[in-house]
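Q: Following this message is one structure expressed as C-alpha coordinates.
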Amino acid sequence: MRVIRTLRVFFRVLVDYCANCSLAGIGNIANRRYHWSERLFWVACVLFSWTGAFLLIGSYMELFRRDAISIVVESLNSRKDTVSFPSVGVCEMGYTKQQYPMLQQLIESFRQNEKIDYNYDVEEFMLRLIYHNLYNYGSIKSYCAMYKDCTDCIPCPVSGYVNYSATVRASCTQLFDECSWNGQVFDCCRYFRTIQTTMGSCFLLNSVQTVEKYGSRWLKMEMGMGAARGELLLNFSRATTAYIQNEEDIPHMLLTTLQVNQMPEGYSGKIFITMQNIINDPLVRTVDKDIRRCIFPDEDTNTGYVKYSYSVCVTECLKMAQIRSCNCCHHNMLLGKHDRSPVCGYDGLNCLDQRDLMFPQTTIMQPWRTNGLVCDCYPSCTEHEIRIVGRESEVERRTGRSVLIKLMALPSQRYRRQIVRENIDVVVSIGGILGLYTGASILSLVEFIYFFTIRFASYLVTEIQEETEAIEDASSDENVDERVTGS
(Lines give C-alpha, C1' and ligand atoms only; values in the text may rest on other atoms or scores of the structure.)
Protein backbone atom coordinates (compact mmCIF):
# COMPACT_ATOMS: atom_id res chain seq x y z
CA MET A 1 0.00 0.00 0.00
CA ARG A 2 2.80 2.40 0.90
CA VAL A 3 4.70 1.58 -2.32
CA ILE A 4 1.63 2.20 -4.43
CA ARG A 5 1.01 5.51 -2.62
CA THR A 6 4.66 6.59 -3.15
CA LEU A 7 4.55 5.71 -6.85
CA ARG A 8 1.26 7.56 -7.26
CA VAL A 9 2.73 10.66 -5.61
CA PHE A 10 5.94 10.40 -7.67
CA PHE A 11 3.93 10.23 -10.91
CA ARG A 12 1.88 13.24 -9.80
CA VAL A 13 5.04 15.25 -9.05
CA LEU A 14 6.60 14.17 -12.35
CA VAL A 15 3.60 15.36 -14.32
CA ASP A 16 3.55 18.60 -12.34
CA TYR A 17 7.30 19.11 -12.96
CA CYS A 18 7.04 18.48 -16.70
CA ALA A 19 4.11 20.86 -16.98
CA ASN A 20 5.84 23.70 -15.12
CA CYS A 21 9.64 23.26 -15.55
CA SER A 22 11.78 25.83 -17.36
CA LEU A 23 13.45 23.31 -19.71
CA ALA A 24 12.50 24.00 -23.31
CA GLY A 25 9.99 21.60 -24.87
CA ILE A 26 9.21 19.54 -21.75
CA GLY A 27 6.03 21.50 -21.00
CA ASN A 28 4.67 20.85 -24.51
CA ILE A 29 5.16 17.10 -24.03
CA ALA A 30 3.21 17.12 -20.74
CA ASN A 31 0.40 19.38 -22.02
CA ARG A 32 -2.66 17.11 -22.47
CA ARG A 33 -4.50 19.74 -24.48
CA TYR A 34 -2.17 19.07 -27.44
CA HIS A 35 -2.88 16.30 -29.91
CA TRP A 36 -0.81 13.16 -29.41
CA SER A 37 0.99 13.80 -32.70
CA GLU A 38 2.07 17.27 -31.52
CA ARG A 39 3.33 15.85 -28.26
CA LEU A 40 5.22 13.12 -30.14
CA PHE A 41 6.79 15.84 -32.30
CA TRP A 42 8.05 17.65 -29.21
CA VAL A 43 9.42 14.36 -27.81
CA ALA A 44 11.52 13.97 -30.96
CA CYS A 45 12.71 17.59 -30.76
CA VAL A 46 13.71 17.27 -27.10
CA LEU A 47 15.58 14.00 -27.73
CA PHE A 48 17.37 15.52 -30.70
CA SER A 49 18.30 18.61 -28.67
CA TRP A 50 19.59 16.66 -25.65
CA THR A 51 21.58 14.32 -27.90
CA GLY A 52 23.20 17.28 -29.62
CA ALA A 53 24.09 18.84 -26.24
CA PHE A 54 25.60 15.55 -25.01
CA LEU A 55 27.75 15.10 -28.12
CA LEU A 56 28.92 18.72 -28.11
CA ILE A 57 29.85 18.60 -24.41
CA GLY A 58 31.72 15.33 -25.00
CA SER A 59 33.69 16.91 -27.86
CA TYR A 60 34.50 19.96 -25.76
CA MET A 61 35.73 17.88 -22.80
CA GLU A 62 37.93 15.80 -25.11
CA LEU A 63 39.37 19.01 -26.54
CA PHE A 64 39.94 20.30 -23.00
CA ARG A 65 41.82 17.15 -22.04
CA ARG A 66 44.06 17.29 -25.11
CA ASP A 67 44.58 21.02 -25.60
CA ALA A 68 44.26 22.64 -22.18
CA ILE A 69 47.97 23.55 -22.14
CA SER A 70 50.03 25.45 -24.67
CA ILE A 71 53.74 26.24 -24.75
CA VAL A 72 54.77 29.55 -26.23
CA VAL A 73 58.12 31.22 -26.80
CA GLU A 74 58.83 34.60 -25.23
CA SER A 75 61.84 36.88 -25.31
CA LEU A 76 64.08 37.42 -22.30
CA ASN A 77 65.05 40.80 -20.97
CA SER A 78 68.83 40.56 -21.09
CA ARG A 79 69.23 43.38 -18.59
CA LYS A 80 67.01 41.91 -15.89
CA ASP A 81 66.58 38.18 -16.40
CA THR A 82 69.28 35.80 -15.17
CA VAL A 83 70.02 32.21 -16.15
CA SER A 84 71.23 29.46 -13.82
CA PHE A 85 73.88 27.01 -14.96
CA PRO A 86 72.49 23.45 -15.09
CA SER A 87 73.08 20.88 -12.40
CA VAL A 88 75.96 18.43 -12.83
CA GLY A 89 76.16 14.81 -11.69
CA VAL A 90 79.41 12.86 -11.39
CA CYS A 91 79.59 9.06 -11.10
CA GLU A 92 82.68 6.93 -10.76
CA MET A 93 82.94 4.43 -13.58
CA GLY A 94 84.81 1.18 -13.93
CA TYR A 95 87.93 1.20 -16.10
CA THR A 96 89.77 -2.03 -16.86
CA LYS A 97 93.16 -0.30 -17.14
CA GLN A 98 92.83 1.23 -13.67
CA GLN A 99 93.98 -0.36 -10.42
CA TYR A 100 91.54 -0.82 -7.54
CA PRO A 101 93.58 -1.44 -4.37
CA MET A 102 90.51 -1.71 -2.14
CA LEU A 103 89.00 -4.33 -4.40
CA GLN A 104 92.21 -6.35 -4.38
CA GLN A 105 92.33 -6.20 -0.59
CA LEU A 106 88.71 -7.28 -0.45
CA ILE A 107 89.35 -10.32 -2.64
CA GLU A 108 92.45 -11.17 -0.60
CA SER A 109 90.25 -11.27 2.49
CA PHE A 110 88.28 -14.11 0.88
CA ARG A 111 91.44 -16.25 0.73
CA GLN A 112 91.13 -19.23 3.05
CA ASN A 113 94.86 -20.07 3.10
CA GLU A 114 98.07 -18.64 1.71
CA LYS A 115 98.52 -21.36 -0.91
CA ILE A 116 95.44 -20.32 -2.87
CA ASP A 117 96.19 -18.15 -5.90
CA TYR A 118 94.59 -14.78 -6.52
CA ASN A 119 91.31 -15.22 -8.42
CA TYR A 120 91.05 -12.74 -11.31
CA ASP A 121 87.66 -14.12 -12.37
CA VAL A 122 86.23 -13.11 -9.00
CA GLU A 123 87.78 -9.67 -9.50
CA GLU A 124 86.08 -9.36 -12.89
CA PHE A 125 82.80 -10.48 -11.33
CA MET A 126 83.05 -7.88 -8.56
CA LEU A 127 83.94 -5.13 -11.02
CA ARG A 128 80.80 -5.88 -13.00
CA LEU A 129 78.68 -5.76 -9.89
CA ILE A 130 80.13 -2.53 -8.54
CA TYR A 131 80.49 -0.60 -11.81
CA HIS A 132 77.48 -0.88 -14.03
CA ASN A 133 79.27 0.25 -17.21
CA LEU A 134 81.44 -2.91 -17.12
CA TYR A 135 78.44 -5.22 -16.92
CA ASN A 136 77.49 -7.24 -19.98
CA TYR A 137 74.62 -9.66 -20.45
CA GLY A 138 75.41 -13.12 -19.09
CA SER A 139 78.47 -12.10 -17.10
CA ILE A 140 77.00 -12.95 -13.67
CA LYS A 141 76.94 -16.69 -14.20
CA SER A 142 79.95 -16.95 -16.50
CA TYR A 143 82.38 -15.37 -13.99
CA CYS A 144 81.00 -16.67 -10.71
CA ALA A 145 79.26 -20.03 -11.16
CA MET A 146 82.42 -22.17 -11.07
CA TYR A 147 83.74 -20.44 -7.92
CA LYS A 148 80.53 -20.28 -5.93
CA ASP A 149 81.19 -23.30 -3.67
CA CYS A 150 84.88 -24.14 -4.31
CA THR A 151 87.20 -24.98 -1.39
CA ASP A 152 90.58 -24.83 -3.14
CA CYS A 153 90.17 -21.33 -4.58
CA ILE A 154 89.06 -17.85 -3.58
CA PRO A 155 85.27 -18.26 -3.58
CA CYS A 156 82.85 -15.95 -5.31
CA PRO A 157 80.80 -14.01 -2.73
CA VAL A 158 77.08 -14.72 -2.85
CA SER A 159 75.84 -11.83 -0.65
CA GLY A 160 76.91 -8.60 1.02
CA TYR A 161 77.26 -6.68 -2.23
CA VAL A 162 76.07 -3.41 -0.69
CA ASN A 163 79.02 -3.30 1.73
CA TYR A 164 81.49 -4.43 -0.95
CA SER A 165 80.36 -1.64 -3.26
CA ALA A 166 80.68 0.98 -0.51
CA THR A 167 84.19 -0.28 0.29
CA VAL A 168 85.53 -0.20 -3.26
CA ARG A 169 83.93 2.92 -4.70
CA ALA A 170 85.81 6.19 -4.21
CA SER A 171 84.66 8.79 -1.73
CA CYS A 172 84.23 12.41 -2.74
CA THR A 173 87.70 13.42 -1.58
CA GLN A 174 89.23 10.47 -3.43
CA LEU A 175 87.37 11.17 -6.65
CA PHE A 176 87.73 14.97 -7.02
CA ASP A 177 91.03 16.79 -7.38
CA GLU A 178 89.85 20.36 -7.94
CA CYS A 179 86.73 22.25 -9.00
CA SER A 180 86.35 25.82 -10.24
CA TRP A 181 83.55 28.06 -11.47
CA ASN A 182 84.58 30.85 -13.85
CA GLY A 183 88.16 30.47 -12.69
CA GLN A 184 87.29 30.61 -8.97
CA VAL A 185 88.22 27.42 -7.10
CA PHE A 186 85.60 26.04 -4.71
CA ASP A 187 85.41 23.11 -2.31
CA CYS A 188 84.20 20.18 -4.42
CA CYS A 189 82.87 18.06 -1.56
CA ARG A 190 81.02 20.95 0.06
CA TYR A 191 78.77 21.37 -2.97
CA PHE A 192 78.86 17.93 -4.61
CA ARG A 193 76.55 15.83 -2.44
CA THR A 194 76.19 12.06 -2.66
CA ILE A 195 73.07 10.25 -3.88
CA GLN A 196 72.25 6.65 -4.80
CA THR A 197 71.34 5.98 -8.44
CA THR A 198 71.25 3.13 -10.94
CA MET A 199 74.94 3.91 -11.52
CA GLY A 200 75.74 3.42 -7.85
CA SER A 201 76.77 6.22 -5.52
CA CYS A 202 77.05 9.52 -7.46
CA PHE A 203 77.69 13.16 -6.57
CA LEU A 204 75.36 16.01 -7.56
CA LEU A 205 76.06 19.72 -7.78
CA ASN A 206 73.11 22.10 -7.25
CA SER A 207 70.48 19.38 -7.12
CA VAL A 208 67.21 19.79 -5.23
CA GLN A 209 67.41 16.06 -4.54
CA THR A 210 70.34 16.55 -2.15
CA VAL A 211 70.38 20.15 -0.87
CA GLU A 212 68.02 23.05 -0.30
CA LYS A 213 67.90 25.37 -3.27
CA TYR A 214 69.93 28.55 -2.62
CA GLY A 215 70.94 27.15 0.76
CA SER A 216 74.43 27.06 2.26
CA ARG A 217 75.45 24.10 0.06
CA TRP A 218 74.04 25.55 -3.16
CA LEU A 219 76.76 27.01 -5.38
CA LYS A 220 75.65 30.28 -6.94
CA MET A 221 76.06 29.85 -10.69
CA GLU A 222 73.78 32.51 -12.11
CA MET A 223 74.59 34.42 -15.27
CA GLY A 224 73.32 37.68 -16.68
CA MET A 225 74.57 40.84 -18.28
CA GLY A 226 76.98 41.41 -15.39
CA ALA A 227 78.40 37.88 -15.54
CA ALA A 228 77.75 36.37 -18.93
CA ARG A 229 80.53 33.82 -18.63
CA GLY A 230 79.65 30.29 -17.54
CA GLU A 231 82.50 27.77 -17.25
CA LEU A 232 82.66 24.83 -14.85
CA LEU A 233 85.99 22.99 -14.66
CA LEU A 234 86.16 19.63 -12.88
CA ASN A 235 89.33 17.59 -12.25
CA PHE A 236 89.15 13.91 -11.28
CA SER A 237 91.60 11.31 -10.06
CA ARG A 238 89.63 8.31 -11.33
CA ALA A 239 87.56 7.35 -14.36
CA THR A 240 84.20 9.14 -14.18
CA THR A 241 81.12 10.11 -16.13
CA ALA A 242 79.69 13.61 -15.82
CA TYR A 243 75.99 14.25 -16.43
CA ILE A 244 74.66 17.66 -17.42
CA GLN A 245 71.09 17.74 -16.16
CA ASN A 246 68.22 19.67 -14.65
CA GLU A 247 68.26 20.39 -10.93
CA GLU A 248 65.60 17.77 -10.18
CA ASP A 249 67.20 15.01 -12.26
CA ILE A 250 69.51 12.20 -11.18
CA PRO A 251 72.07 10.25 -13.24
CA HIS A 252 70.59 7.19 -14.89
CA MET A 253 72.18 4.42 -16.92
CA LEU A 254 69.55 4.78 -19.66
CA LEU A 255 69.79 8.56 -20.05
CA THR A 256 73.00 8.92 -22.00
CA THR A 257 72.36 11.98 -24.19
CA LEU A 258 73.99 14.52 -21.86
CA GLN A 259 76.76 12.39 -20.38
CA VAL A 260 80.52 12.83 -20.79
CA ASN A 261 82.96 9.97 -20.10
CA GLN A 262 86.46 10.62 -18.76
CA MET A 263 88.03 7.17 -18.83
CA PRO A 264 91.76 7.17 -19.76
CA GLU A 265 94.39 8.91 -17.70
CA GLY A 266 95.29 12.34 -19.00
CA TYR A 267 91.89 12.87 -20.61
CA SER A 268 91.00 16.53 -21.06
CA GLY A 269 87.62 17.39 -22.51
CA LYS A 270 85.57 20.49 -23.30
CA ILE A 271 81.80 20.39 -23.60
CA PHE A 272 79.86 23.28 -25.12
CA ILE A 273 76.17 23.53 -24.26
CA THR A 274 73.15 25.72 -24.87
CA MET A 275 70.04 26.13 -22.71
CA GLN A 276 66.42 27.04 -23.28
CA ASN A 277 64.60 27.67 -20.00
CA ILE A 278 60.94 27.01 -19.29
CA ILE A 279 58.61 28.64 -16.78
CA ASN A 280 55.04 27.81 -15.80
CA ASP A 281 52.10 30.08 -15.17
CA PRO A 282 50.65 29.60 -11.65
CA LEU A 283 47.36 28.26 -13.01
CA VAL A 284 49.13 25.33 -14.68
CA ARG A 285 49.11 23.57 -11.29
CA THR A 286 45.29 23.62 -11.29
CA VAL A 287 45.21 21.37 -14.36
CA ASP A 288 45.38 17.61 -13.82
CA LYS A 289 48.75 16.03 -14.61
CA ASP A 290 47.16 13.75 -17.22
CA ILE A 291 45.98 16.85 -19.06
CA ARG A 292 49.13 18.95 -18.79
CA ARG A 293 51.25 15.78 -19.22
CA CYS A 294 53.96 16.77 -16.79
CA ILE A 295 54.52 16.67 -13.02
CA PHE A 296 56.00 19.36 -10.81
CA PRO A 297 59.00 18.24 -8.72
CA ASP A 298 57.29 19.06 -5.42
CA GLU A 299 54.10 17.15 -6.15
CA ASP A 300 53.43 13.96 -4.20
CA THR A 301 54.79 11.06 -6.25
CA ASN A 302 55.39 8.32 -3.64
CA THR A 303 59.01 7.77 -4.68
CA GLY A 304 62.13 7.19 -2.62
CA TYR A 305 63.56 10.54 -3.70
CA VAL A 306 62.86 14.02 -2.37
CA LYS A 307 61.61 15.44 -5.68
CA TYR A 308 60.01 14.06 -8.80
CA SER A 309 61.73 13.95 -12.19
CA TYR A 310 61.58 11.79 -15.27
CA SER A 311 64.83 10.06 -14.32
CA VAL A 312 63.50 9.39 -10.80
CA CYS A 313 60.36 7.82 -12.26
CA VAL A 314 62.38 5.57 -14.60
CA THR A 315 64.62 4.52 -11.69
CA GLU A 316 61.63 3.60 -9.53
CA CYS A 317 60.01 1.79 -12.46
CA LEU A 318 63.10 -0.34 -13.05
CA LYS A 319 63.40 -1.11 -9.34
CA MET A 320 59.77 -2.23 -9.11
CA ALA A 321 60.21 -4.38 -12.23
CA GLN A 322 63.21 -6.11 -10.65
CA ILE A 323 61.31 -6.83 -7.42
CA ARG A 324 58.26 -8.00 -9.35
CA SER A 325 60.28 -10.37 -11.55
CA CYS A 326 62.94 -11.68 -9.12
CA ASN A 327 61.66 -10.71 -5.65
CA CYS A 328 64.70 -8.46 -5.09
CA CYS A 329 66.45 -5.44 -6.54
CA HIS A 330 70.03 -4.61 -7.47
CA HIS A 331 72.05 -3.22 -4.55
CA ASN A 332 72.51 0.08 -6.43
CA MET A 333 68.74 0.60 -6.10
CA LEU A 334 68.82 0.99 -2.32
CA LEU A 335 67.92 4.61 -1.63
CA GLY A 336 69.52 5.22 1.74
CA LYS A 337 69.67 3.52 5.12
CA HIS A 338 65.89 3.48 5.60
CA ASP A 339 65.14 1.64 2.35
CA ARG A 340 63.92 -1.84 3.32
CA SER A 341 63.67 -3.21 -0.22
CA PRO A 342 64.91 -6.81 -0.63
CA VAL A 343 68.46 -6.83 -2.04
CA CYS A 344 69.58 -9.50 -4.49
CA GLY A 345 72.21 -12.06 -3.60
CA TYR A 346 73.92 -14.19 -6.22
CA ASP A 347 70.76 -16.10 -7.21
CA GLY A 348 68.75 -12.89 -7.46
CA LEU A 349 71.41 -11.21 -9.60
CA ASN A 350 71.48 -14.23 -11.86
CA CYS A 351 67.70 -13.90 -12.20
CA LEU A 352 68.04 -10.21 -13.15
CA ASP A 353 70.79 -11.12 -15.59
CA GLN A 354 68.76 -13.81 -17.33
CA ARG A 355 65.71 -11.54 -17.63
CA ASP A 356 67.75 -8.60 -18.93
CA LEU A 357 66.80 -6.33 -16.01
CA MET A 358 70.32 -5.37 -14.94
CA PHE A 359 70.86 -3.01 -17.85
CA PRO A 360 67.63 -3.13 -19.91
CA GLN A 361 67.02 -1.64 -23.32
CA THR A 362 66.02 2.01 -23.62
CA THR A 363 62.66 0.92 -25.05
CA ILE A 364 61.29 0.91 -21.49
CA MET A 365 61.12 4.70 -21.76
CA GLN A 366 58.88 4.54 -24.84
CA PRO A 367 55.26 4.18 -23.62
CA TRP A 368 54.00 3.11 -27.05
CA ARG A 369 55.98 -0.12 -26.78
CA THR A 370 53.86 -3.17 -25.98
CA ASN A 371 56.57 -5.78 -25.45
CA GLY A 372 58.73 -6.12 -22.37
CA LEU A 373 59.02 -3.59 -19.56
CA VAL A 374 57.23 -0.27 -20.03
CA CYS A 375 57.73 2.80 -17.82
CA ASP A 376 54.89 5.25 -18.25
CA CYS A 377 56.59 8.37 -16.87
CA TYR A 378 55.75 12.03 -17.35
CA PRO A 379 58.52 14.62 -17.70
CA SER A 380 59.04 17.26 -15.05
CA CYS A 381 57.18 20.52 -15.63
CA THR A 382 60.37 22.47 -14.88
CA GLU A 383 62.69 20.63 -17.26
CA HIS A 384 64.89 22.98 -19.27
CA GLU A 385 66.06 22.14 -22.75
CA ILE A 386 69.81 21.44 -22.57
CA ARG A 387 71.82 20.56 -25.65
CA ILE A 388 75.43 19.65 -26.27
CA VAL A 389 76.48 21.59 -29.37
CA GLY A 390 80.18 20.74 -29.44
CA ARG A 391 82.90 18.55 -27.95
CA GLU A 392 86.67 18.71 -27.83
CA SER A 393 88.98 16.19 -26.21
CA GLU A 394 92.63 15.25 -26.00
CA VAL A 395 94.83 12.94 -23.93
CA GLU A 396 97.70 14.58 -22.09
CA ARG A 397 100.66 13.09 -20.25
CA ARG A 398 99.32 13.25 -16.71
CA THR A 399 97.50 11.03 -14.25
CA GLY A 400 94.28 12.97 -13.73
CA ARG A 401 91.24 13.67 -15.89
CA SER A 402 89.37 16.90 -16.44
CA VAL A 403 86.28 18.24 -18.18
CA LEU A 404 85.29 21.86 -18.88
CA ILE A 405 81.57 22.49 -19.30
CA LYS A 406 80.89 25.82 -20.96
CA LEU A 407 77.63 27.61 -21.75
CA MET A 408 78.13 29.04 -25.23
CA ALA A 409 75.75 32.00 -24.93
CA LEU A 410 72.99 33.31 -22.72
CA PRO A 411 69.57 32.32 -24.05
CA SER A 412 67.59 35.14 -25.62
CA GLN A 413 64.26 33.30 -25.41
CA ARG A 414 62.50 30.90 -23.10
CA TYR A 415 59.44 28.68 -23.12
CA ARG A 416 56.32 29.45 -21.13
CA ARG A 417 53.75 26.78 -20.29
CA GLN A 418 50.30 28.32 -19.90
CA ILE A 419 46.73 27.08 -19.82
CA VAL A 420 44.37 27.68 -22.72
CA ARG A 421 41.20 26.90 -20.80
CA GLU A 422 40.61 27.28 -17.08
CA ASN A 423 38.08 25.37 -14.98
CA ILE A 424 35.78 28.40 -15.05
CA ASP A 425 35.92 28.28 -18.86
CA VAL A 426 34.63 24.70 -18.72
CA VAL A 427 31.70 25.74 -16.51
CA VAL A 428 30.82 28.67 -18.78
CA SER A 429 31.08 26.63 -21.97
CA ILE A 430 29.02 23.70 -20.69
CA GLY A 431 26.45 26.12 -19.27
CA GLY A 432 26.24 27.88 -22.63
CA ILE A 433 25.75 24.59 -24.49
CA LEU A 434 23.00 23.46 -22.12
CA GLY A 435 21.33 26.86 -22.34
CA LEU A 436 21.44 26.86 -26.15
CA TYR A 437 20.14 23.32 -26.63
CA THR A 438 17.82 22.81 -23.64
CA GLY A 439 17.20 26.21 -22.07
CA ALA A 440 18.76 24.98 -18.82
CA SER A 441 20.29 27.26 -16.19
CA ILE A 442 21.46 26.97 -12.61
CA LEU A 443 17.87 27.66 -11.51
CA SER A 444 16.75 24.64 -13.52
CA LEU A 445 18.76 22.48 -11.14
CA VAL A 446 17.21 24.22 -8.13
CA GLU A 447 13.79 23.71 -9.70
CA PHE A 448 14.42 19.98 -10.20
CA ILE A 449 15.60 19.53 -6.61
CA TYR A 450 12.61 21.51 -5.30
CA PHE A 451 9.99 19.45 -7.14
CA PHE A 452 11.43 16.06 -6.15
CA THR A 453 12.14 16.92 -2.51
CA ILE A 454 9.95 19.64 -1.02
CA ARG A 455 6.96 19.26 -3.32
CA PHE A 456 7.24 15.46 -3.29
CA ALA A 457 7.16 15.49 0.53
CA SER A 458 4.25 17.95 0.51
CA TYR A 459 2.20 15.81 -1.89
CA LEU A 460 3.02 12.69 0.11
CA VAL A 461 1.80 14.28 3.37
CA THR A 462 -1.34 15.51 1.66
CA GLU A 463 -1.98 12.04 0.24
CA ILE A 464 -1.60 10.47 3.67
CA GLN A 465 -3.95 13.03 5.25
CA GLU A 466 -6.58 12.44 2.56
CA GLU A 467 -6.38 8.69 3.08
CA THR A 468 -6.66 9.13 6.86
CA GLU A 469 -9.70 11.41 6.53
CA ALA A 470 -11.32 8.97 4.10
CA ILE A 471 -10.82 6.11 6.56
CA GLU A 472 -12.23 8.19 9.44
CA ASP A 473 -15.28 9.21 7.37
CA ALA A 474 -15.90 5.60 6.38
CA SER A 475 -15.64 4.54 10.04
CA SER A 476 -18.11 7.27 11.12
CA ASP A 477 -20.63 6.22 8.48
CA GLU A 478 -20.43 2.61 9.68
CA ASN A 479 -21.07 3.68 13.31
CA VAL A 480 -24.11 5.73 12.25
CA ASP A 481 -25.52 2.80 10.29
CA GLU A 482 -25.05 0.49 13.28
CA ARG A 483 -26.92 2.89 15.61
CA VAL A 484 -29.78 3.28 13.16
CA THR A 485 -30.06 -0.49 12.75
CA GLY A 486 -30.00 -1.03 16.49
CA SER A 487 -32.74 1.48 17.16
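Q: From the set of residues in the stretch 398-429 that are open to solvent by 60 Å² or more (accessible area, probe 1.4 Å) and polar (S, T, N, Q), which is farthest from the chain's Cα centre (by Cα)?
A: Per the stated criteria, the residue is T399.
Q: Follow-up. For the stretch 55-83, what are the residues that are open to solvent by less than 50 Å² (accessible area, probe 1.4 Å), assigned to a loop (DSSP other than H, G, I, E, B) and more than 15 Å from M275 (Cα to Cα)?
A: Within the stretch 55-83, A68 is the sole residue that qualifies.
Q: Here is a follow-up. In the stretch 163-246, which strands (runs of 3 or more DSSP E) lie fully inside it and hold 1 or more residues that are surrounded by fewer than 17 Cβ atoms within 10 Å (Cβ to Cβ) and within 27 Å of the chain's Cα centre (by Cα)?
A: Result: 192-197.
Q: Based on what the data block shows, is F10 farther than 30 Å from R169 by Cβ, open to solvent by 50 Å² or more (accessible area, probe 1.4 Å) and among the aromatic types (F, W, Y)? Spell out the reasoning first.
A: On the way: farther than 30 Å from R169 by Cβ: yes; open to solvent by 50 Å² or more (accessible area, probe 1.4 Å): yes; among the aromatic types (F, W, Y): yes.
So F10 passes the test.
Q: Please name all residue pairs, on different chains or six or more residues apart, with Cβ atoms under 6 Å, provided the first residue is in the stretch 76-98 and is free of Cβ contacts under 8 Å to residues at least 40 places away in the same chain and under 17 Å from N235 (Cα atoms) and the second residue is aliphatic (A, V, I, L, M) and open to solvent by 10 Å² or more (accessible area, probe 1.4 Å).
A: none
Q: Do we have any residue at all in the stretch 247-260 that's surrounded by 17 or more Cβ atoms within 10 Å (Cβ to Cβ), more than 17 Å from V208 (Cβ to Cβ), over 20 Å from the mean Cα position of the chain (by Cα) and aliphatic (A, V, I, L, M)? Working first, answer last.
A: First, the residues of the stretch 247-260 that are surrounded by 17 or more Cβ atoms within 10 Å (Cβ to Cβ): 247-255, 258-260.
Narrowing further to those that are more than 17 Å from V208 (Cβ to Cβ): 253-255, 258-260.
Within this subset, residues satisfying the condition of being over 20 Å from the mean Cα position of the chain (by Cα) are 258-260.
Then keep just the ones that are aliphatic (A, V, I, L, M); that gives 258, 260.
Yes, that holds for at least one residue.
Q: If T96 passes every condition in (1) polar (S, T, N, Q); (2) over 23 Å from S165 (Cβ atoms); (3) not in a strand (DSSP E or B) but one, which one does it miss?
A: (2)
Q: Let me ask something else. Looking at the stretch 318-347, which of its residues are touching a residue at least 60 places away in the same chain (Cβ under 8 Å), surrounded by fewer than 17 Cβ atoms within 10 Å (Cβ to Cβ) and under 21 Å from the mean Cα position of the chain (by Cα)?
A: Hit for the stretch 318-347 is G336, nothing else.
Q: Tell me which strands (runs of 3 or more DSSP E) are completely within the stretch 379-420 and hold 1 or more residues being more than 28 Å from R285 (Cα to Cα), in contact (Cβ under 8 Å) with a residue 40 or more places away in the chain and touching a Pro at 6+ places or on another chain (Cβ under 7 Å), or say none if there are none. Give the derivation first.
A: Values: elements: 385-395, 401-407, 413-419.
Per the criteria, 385-395.
Q: Please state which one of T370, T462, T468 is modelled with pLDDT of 80 or more and polar (S, T, N, Q).
A: Values: T370 fails: modelled with pLDDT of 80 or more; T468 fails: modelled with pLDDT of 80 or more.
After applying the criteria, what remains is T462.
Q: If you go through the stretch 33-54 one residue at a time, do you hit one that is open to solvent by 70 Å² or more (accessible area, probe 1.4 Å) and modelled with pLDDT under 80?
A: Filtering the stretch 33-54 down to residues open to solvent by 70 Å² or more (accessible area, probe 1.4 Å) leaves 33-36, 38-42, 47-48, 50-51, 54.
Retained after the next criterion (residues that are modelled with pLDDT under 80): none.
The answer is no, given that none of the residues of the stretch 33-54 is open to solvent by 70 Å² or more (accessible area, probe 1.4 Å) and modelled with pLDDT under 80.
Q: While we're looking at this one, here's another question. Could you tell me whether the stretch 124-135 includes any residue that is on the phi < 0 side of the Ramachandran plot, over 34 Å from the mean Cα position of the chain (by Cα), surrounded by 15 or more Cβ atoms within 10 Å (Cβ to Cβ) and at pLDDT 85 or above? Working first, answer last.
A: Step one: of the stretch 124-135, the residues on the phi < 0 side of the Ramachandran plot are 124-135.
Going one step further and asking which of them are over 34 Å from the mean Cα position of the chain (by Cα), we end up with 124-125.
With the extra rule that they be surrounded by 15 or more Cβ atoms within 10 Å (Cβ to Cβ), the set shrinks to 124-125.
Those still in the list that are at pLDDT 85 or above too: 124-125.
So far as the stretch 124-135 goes, yes, one or more of its residues are on the phi < 0 side of the Ramachandran plot, over 34 Å from the mean Cα position of the chain (by Cα), surrounded by 15 or more Cβ atoms within 10 Å (Cβ to Cβ) and at pLDDT 85 or above.
Q: Here is a follow-up. Kindly indicate the residue of the stretch 1-45 that is in contact with a Ser or Thr (Cβ under 8 Å, 6 or more places away or on another chain) and either aliphatic (A, V, I, L, M) or part of a helix (DSSP H, G or I) (or both) and also farthest from L443 (Cα to Cα) among those meeting that condition. I'd like the intermediate steps shown before the answer.
A: Just the residues of the stretch 1-45 that are in contact with a Ser or Thr (Cβ under 8 Å, 6 or more places away or on another chain), to begin with: 21-25.
Those left that are additionally either aliphatic (A, V, I, L, M) or part of a helix (DSSP H, G or I) (or both): 23-24.
Working: L23: 10, A24: 13 Å.
Applying the filter and picking the extreme gives A24.
The values are calculated or read from the model by the stated rules, or taken from the named source; none is laboratory data. These numbers come from a predicted model, not from an experiment. Please note: Cβ atoms are built from the backbone with ideal geometry, for glycine as well, and neighbour counts cover all protein chains shown. Each accessible area value is taken on the protein alone, full model and side chains, heavy atoms only, with ligands, DNA and RNA left out. Shrake-Rupley method; radii C 1.70, N 1.55, O 1.52, S 1.80 Å.
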